[in-house]
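Every number in this text was worked out from the coordinates using simple rules, so none of it is lab data. Since the model is a prediction, treat every value here as computed from it, not as a measurement. Here the Cβ positions follow ideal geometry from the backbone for every residue, glycine too, while neighbour counts run over all protein chains shown.
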Amino acid sequence: MIKLNMPVIVEGKYDKITLENVIDTLIITTNGFSVFKDKQKRELIRLFANREGVIVLTDSDSAGNMIRSHIKSIANKGKVYNVYVPCVKGKEKRKPKASKEGLLGVEGLSKEILIDAFMKSGVVTGESKEDVPKITKTDLFEYNLSGTKNACENRKRLLASLSLPENLSANAMLDVLNTLLSFEEFEKAVQECLNLQDKN
């Protein structure tokens, strides 16, 4: 498992599922060309790009290159790192026929090919974050950010205070917070935003 300190942007949910067995970081999907019109998703990508940067891994076909180019324009002056996969002829098992260009997408590539692509790109730090305390679903519940009466409103307030898209689900917010904040920074942000006393 490759540990990364930046989120990785891929095209679809099946790409994400494949990558979850290869990398340990937040994975953001563009849902194909939907990112062109998704204001919240664009803002999230821009936010990450302006902080630690984003890694882009799209299919090696023309559509993938178009999405890659669009993400670069979304990031504006933010940092974008590209991981390129080789052109491999074939068809994904779940699809009835091959793509227009007859190439395997990210979802159809082997773990070995994907690892090699990341290693060659220079984005792998090799640093482990296993010992760093993570924000958990239990923490969200205890801070009234999930599963409680005012959770939705509290999430919106916290996300707004962090300049994040306000409509993130609890699960999506958890991934984003663990990428952006340490546990201590999370606690401080929640306490200040929601006027809470330390839960300890």
Ranking of Val124, Val88, Val190, Val22 by count of other Cβ atoms within 10 Å, fewest first
Val88, Val124, Val22, Val190
Cα pair distances in the chain, grouped into 5 Å bins until the bin that holds the longest one, percent each
1, 7, 14, 19, 17, 15, 12, 7, 5, 2, 1, 0
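So which of Lys3/Lys100; Lys95/Lys137; Lys16/Lys95; Lys134/Lys188 end up more than 24 Å apart by C-alpha?
Working: Lys3/Lys100 33 Å; Lys95/Lys137 35 Å; Lys16/Lys95 17 Å; Lys134/Lys188 14 Å.
In this structure, Lys3/Lys100; Lys95/Lys137 lie more than 24 Å apart at Cα.
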Which peptide among 38-47, 72-81 comes first, and what is the full order, when sorted by highest mean count of other Cβ atoms within 10 Å?
38-47, 72-81
What fraction of the Cα pairs in region 2-121, stated in percent, has a spacing above 25 angstrom?
17
How high is the relative contact order of region 2-121, given as a whole-number percent (alpha carbon pairs under 8 Å, six or more residues apart)?
26
Give me the distance between the Cα centres of region 1-64 and region 70-113, rounded to whole Å.
11
Using DSSP, restrict attention to beta bridges with both residues in the chain and report what percent are antiparallel, rounded to the nearest 5.
10
Starting from the Cα coordinates of region 137-194, work out the convex hull volume and express it per residue in Å³.
69
Charge dipole of the chain about the Cα centre (unit charges at C-beta), most positive-ward option of Ala63, Asn154, Val85:
Ala63
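Let me know the volume per residue of the alpha-carbon convex hull for region 5-69, in Å³. Intermediate results must be reported in sequence, preceding the final value.
Details: hull volume 5.0 nm³, N = 65.
Measuring per residue, one finds 77 Å³ for the Cα hull of region 5-69.
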